[in-house]
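Shown next, in structure tokens, is the structure this report addresses.
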Amino acid sequence: MKPLSYEVRMREKADALRKHGHARILAVESSCDETAIAIVDDGRIERANAIASQIDVHALYGGVVPEIASRMHVEAIDPLLEMALEQANCTLEDIDAIAVTYGPGLVGALLTGVSWAKSLAYARELPLIPVNHIEGHVSANYVAHPDLEPPFVCLVASGGHSHIVAVDHYGQYRLIGQTTDDAAGEAFDKVARVLSIPYPGGPLLDKLADEGDDHAYKFPRPHTEGKYDFSFSGLKTAVINQAHNLRQQGQEIDAKDFAASFRRSVVDLLVDKTLLAARDTGAKKLTVAGGVAANSLLRSELMRRGERAGLQVFMPPKRLCTDNAVMIGAAGFYRLMAGELARLSLNALPSLRMFDN
């Protein structure tokens, strides 16, 4: 009798896990400049969270260098596996499945994680689960708030993405609004350069802004045709032009006030549109996700204004806003429960989308 293929055997294992309703997932994240491995139980319980950051290396170049990022992922991934297993006090024998980010992100960085995960899954006879990086960010809320369940509205704000998403069910999403140009995180990084703030600009600008007057400078609030859409390109350009004009006139820029005023403009735009979308869709719960979700003003304003609007507001801790593998393990669990597995032909998709539109 011809032996069953790997895919068939893994389908049988996955079906057994679905029937049982429980799974311990080893998750891998390598989409950009952080290598991460986590172990997550049932999509909710964090057992291990091992991360190797590359910030110090890329800071020398003022931004992420893709080739360097890929090489550093290769160097870090095996030691991180040992670290994660030690944190969780378990072995590979205790792992039920492997989840991996396969997009979006830097192609070389993604390929490192995907290739490594496929090899380990094949060698250990474990089901392989493909995870969208953005869905991972949304799913970080499940670990932070074990009682949170869909439906809810989620603001996804990061260096490459700015979306307002309706989460109708696990793994089921509708796009409500999105940026028409730059992402919020990208705008933060570019304005940080104008103020000579080193990489990573966004988080450092946020800290600087805490010490400034956010009404000292006046910046525009861009208009968009889409009721729930964002636009940051015009705002970014206006800020850069104002800084240039002030310097041309010999006027000194107060970096703290400038950063605070810009941050206020971005946060007001994000919060206004998100609360409008939540109101119009009849949402009762509001969440936030992505690297920009670590921004202190965004967090406080969403909480304050969201609760004032009668919403339950949930947000992950800052450590789960930036790239990590815990969020991939959470998303992977619900993909597994939905019966979604990857074949060994799984490839990295740097432009992977979360929505059809």
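The values are calculated or read from the model by the stated rules, or taken from the named source; none is laboratory data. Keep in mind that this is a model prediction, so the values were computed, not measured. Using ideal geometry, Cβ is built from the backbone for each residue, glycine included, and neighbour counts are taken over all protein chains shown. Just so you know, the surface numbers come from the protein's heavy atoms only, side chains and all, with ligands and any DNA or RNA stripped out. Shrake-Rupley method; radii C 1.70, N 1.55, O 1.52, S 1.80 Å.
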Working only within the stretch 322-357, note down all residues that are polar (S, T, N, Q) and farther than 22 Å from GLY291 by Cα.
SER345, ASN347, ASN357
Among the candidates LEU205, LEU270, LEU235, LEU286, residue that is surrounded by 22 or more Cβ atoms within 10 Å (Cβ to Cβ) and not in a helix (DSSP H, G or I):
LEU286
Name the residues in the stretch 301-323 that are among the acidic types (Asp, Glu) and either touching a residue at least 12 places away in the same chain (Cβ under 8 Å) or buried (at least 24 other Cβ atoms within 10 Å of the Cβ) (or both), would you?
GLU301, ASP323
Meets criteria (assigned to a helix (DSSP H, G or I), touching a residue at least 40 places away in the same chain (Cβ under 8 Å), buried (at least 17 other Cβ atoms within 10 Å of the Cβ) and at negative phi) for ALA259:
yes
Could you tell me whether the stretch 73-91 includes any residue that is outside any loop (DSSP other than H, G, I, E, B) and either within 19 Å of the chain's Cα centre (by Cα) or aromatic (Phe, Trp, Tyr) (or both)?
yes
Only one of ALA117, ALA99, ALA109 that is closer than 16 Å to ILE37 by Cβ and not in a helix (DSSP H, G or I):
ALA99
Answer with yes or no whether ASP214 is farther than 25 Å from THR180 by Cβ, open to solvent by 30 Å² or more (accessible area, probe 1.4 Å) and in contact (Cβ under 8 Å) with a residue 12 or more places away in the chain.
no
Could you grab me the full set of residues in the stretch 238-256 that are acidic (Asp, Glu) and either at pLDDT 90 or above or crowded, with 17+ Cβ neighbours inside 10 Å (or both)?
ASP254
Return a yes/no flag: does the stretch 242-256 have any residue that is touching a residue at least 40 places away in the same chain (Cβ under 8 Å), under 27 Å from ASP168 (Cβ atoms) and either within 21 Å of the chain's Cα centre (by Cα) or not in a helix (DSSP H, G or I) (or both).
no
Filter the stretch 30-63 for residues that are acidic (Asp, Glu), surrounded by fewer than 23 Cβ atoms within 10 Å (Cβ to Cβ) and out of contact with any Ser or Thr (no Cβ under 7 Å at 6 or more places or on another chain) and give the result.
ASP41, ASP42, GLU46, ASP56
Out of PRO130, PRO66, I need the residue that is in contact (Cβ under 8 Å) with a residue 40 or more places away in the chain and open to solvent by 50 Å² or more (accessible area, probe 1.4 Å). Which one?
PRO66
Can you tell me which residues in the stretch 1-29 are among the basic types (Lys, Arg) and open to solvent by 60 Å² or more (accessible area, probe 1.4 Å)?
LYS2, ARG9, ARG11, LYS13, ARG18, LYS19
Breaking point among (1) under 20 Å from LEU311 (Cβ atoms); (2) touching a residue at least 40 places away in the same chain (Cβ under 8 Å), for GLY291:
(1)
Tell me, yes or no, whether the stretch 180-199 has at least one residue that is out of contact with any Cys (no Cβ under 7 Å at 6 or more places or on another chain), assigned to a strand (DSSP E or B), surrounded by fewer than 20 Cβ atoms within 10 Å (Cβ to Cβ) and basic (Lys, Arg).
no
Inside the stretch 239-281, can you point out the residues that are in contact with a Lys or Arg (Cβ under 9 Å, 6 or more places away or on another chain) and among the basic types (Lys, Arg)?
LYS273
All but one of (1) open to solvent by less than 30 Å² (accessible area, probe 1.4 Å); (2) touching a helix residue (DSSP H, G or I) at 6+ places or on another chain (Cβ under 8 Å) hold for ALA277; state the number of the condition that does not hold.
(2)
Could you list, ordered by first residue, the pairs with Cβ atoms under 8 Å in which the first is in the stretch 324-339 and charged (D, E, K, R) and the second is assigned to a loop (DSSP other than H, G, I, E, B) and open to solvent by 10 Å² or more (accessible area, probe 1.4 Å), at least 6 apart or interchain?
ARG335/GLY171
Out of (1) open to solvent by 20 Å² or more (accessible area, probe 1.4 Å); (2) of a type outside the set (S, T, N, Q); (3) more than 18 Å from ILE51 (Cα to Cα); (4) in contact (Cβ under 8 Å) with a residue 12 or more places away in the chain, the odd one out for PRO104 is which?
(1)
Go through the residues of the stretch 2-19 one by one and say whether even a single one is farther than 22 Å from ALA97 by Cβ, modelled with pLDDT of 95 or more and not in a helix (DSSP H, G or I).
no
Among the residues that make up the stretch 163-179, is at least one of them touching a residue at least 24 places away in the same chain (Cβ under 8 Å), open to solvent by less than 20 Å² (accessible area, probe 1.4 Å) and within 15 Å of the chain's Cα centre (by Cα)?
yes
